[in-house]
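First the structure, in the form of structure tokens, and then the observations on it.
The values are calculated or read from the model by the stated rules, or taken from the named source; none is laboratory data. This structure is a prediction, so every number in the text was calculated from the model and none was measured. Every residue, glycine among them, receives a Cβ derived from its backbone with ideal geometry; neighbour counts consider all protein chains shown. Only protein heavy atoms, including side chains, enter the accessible area calculation; ligands, DNA and RNA are left aside. Shrake-Rupley method; radii C 1.70, N 1.55, O 1.52, S 1.80 Å.
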Amino acid sequence: MSNQSFAEKLKKYADVIVQVGVNLQPGQKLLIRAAGAVESTAPVVRAVTKSAYQAGARYVDVIWSDEAMSVARLENAPDDSLDEGPDYVYAGMEAHVANADATLTIMAANPDAMAGQDQQKMAHLRKVQSQKLEGYGSYISGMKTNWCGVGAASPGWATKVFPGVDPEAAVAKLWDSIFKFTRLDLDDPVQAWKDHVAKLVERKAYLNKKQYAALRLTAPGTDLTVGLAKNHIFMGGSVETPKGISFVPNMPTEEVFTTPNAHEVNGTVTASLPLNFNGMVLENLKFTFKDGVITDFSADTGAEMFEKILDMDLGARRLGEIALVPNSSPISQSGTLFYNTLYDENASNHLAIGRAYATAVAGGVEMNSEEKEAAGINHSLIHIDFMVGSDKMDVDGILSDGTVEPVMRAGEWAF
Ligand code: ZN
Ligand code: ZN
């Protein structure tokens, strides 16, 4: 693919996103959310727009957000204005997904864009936005319509990933990685994606049949037992909407994941990669859980801001996701830290604090909040992934009769 022009690669990228990721259906509308620097997301937005109309879209629209605008607001807007927001946009977004139309998020965030900003203001803005988007978010996390999240290289992001490389070359290098992880180097990317998704479906079918009561993760600095929700469903690869549209929520994706029982998590876990969150990078993140709740937490950088996130609501101190990714995944093998969860979470086994996927428990979507709480399906305004896997991690499955079976050894599947 090296002899193809960037425009040709971008077209292939857009086609895989539209045809496999979103799996846009003729007659659907597509809403694109572009986040990062406008000049970096714009080429992908335009390519996807064209591909979407060619696939039969009735209308394609975009909501831009731009880091320089966010910084301008944080530094200059009146302190008492932080609850303001485009309510007309939030209402429109919710109406869009309520109508079962499709969405795509394009992420080009510079991990350092918000460095030095007032942490209290940022935590407040984050909370306000989470609350205003709660309706929209419930359709997305409930898999009620087809959606996808993808990346776009930007100079700020690329120079963070490839320090010491000049911005233009760094952007080209990052695009090469993005295209490779999206399987665009293969002859027929659409077919390659179908094969890849089929393998993930096989793994999750095995785990779903087992119905382990808990998974135990062990590695240097980690000995954590994660109870799994009763009737949990391992998900991964593709998801189906209630209308039967099969879509791939993340590109790339290498994970199978499910919903833990938020009351039954015990032990200590050390993150294996720094966590990039809201423009902050947390290093050497460590959590201790007792009966599902984080009782102790430490990080070498960013701890002060993260403490505020953990205090956001009750569910922020409990687990909402456990995901398994073999260490041999192409992203892990690249040996590169991408400072972006979409890529880094597909390099490694991970956990998330905060909101759980009710869809990953049989009957979970129909449960009311008391039933969800009893089932251990965590509720929170946040969902933050952090990586725990490595080639030193073993995972055991514990059956309800106490039998222990190997699930992963030294970071690879053991079945
Ligand atoms: Zn995940
Ligand atoms: Zn997650």
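Table for the structure above
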quantity	calculated
Accessible area expressed per residue, the chain, with surrounding protein chains retained (probe 1.4 Å, Å²)	43
The chain, helix-only ellipticity at 222 nm - DSSP H runs n ≥ 4, -39,500 (n - 2.57), divided by all residues, nearest 500	-10000 deg cm²/dmol
Gained length - residue 64 relative to residue 290, 0.36 nm times residue gap less alpha-carbon distance	77.2 nm
FRET E, pair residue 209, residue 5, Förster distance 56 Å, beta-carbon r, rounded to 0.05	0.75
Projected label distance in nm at residue 298 and residue 98, using a 7 Å step from Cα toward the beta-carbon	4.9
Cut-off under 5 Å, modelled amide H: who pairs with residue 229 long-range	259, 261
Those lysines that a straight Cα-Cα span of less than 19 Å connects to residue 392, excepting residues fewer than 8 apart in one chain	286
Percentage relative contact order, region 137-212, counting C-alpha pairs under 8 Å, at least six apart	17
Range of Cα positions in the chain per principal axis (Å), largest first	55, 53, 46
Cα-Cα over 27 Å, subset of 121/173; 144/308; 12/204; 50/144	121/173; 144/308; 12/204
Linear extension gain, residue 366 paired with residue 307, 0.36 nm per residue minus alpha-carbon span	18.0 nm
Out-of-range pairs (alpha-carbon distance over 24 Å; input 160/180; 290/372; 199/372; 209/372; 127/372; 127/160)	199/372; 127/160
Packing-based ranking, highest mean first, of 71-77, 36-42, 103-109 given that Cβ atoms within 10 Å are counted	103-109, 36-42, 71-77
Under 9 Å, Cβ to Cβ, from residue 189 - net charge with Lys/Arg +1 and Asp/Glu -1	-2
Residue 166 paired with residue 75, simple spin-label distance in nm, labels 7 Å along Cα-to-beta-carbon	2.7
Residue 195 paired with residue 138, simple spin-label distance in nm, labels 7 Å along Cα-to-beta-carbon	4.3
Helix runs (DSSP H) in the chain reaching 18 Å along axis by Cα, Kyte-Doolittle at least 0.0	38-54, 167-181
Accessible surface of region 212-342, 1.4 Å probe, proportion on carbon and sulfur as whole %	48
Heavy-atom accessible surface of region 1-104: percent carbon and sulfur, 1.4 Å	52
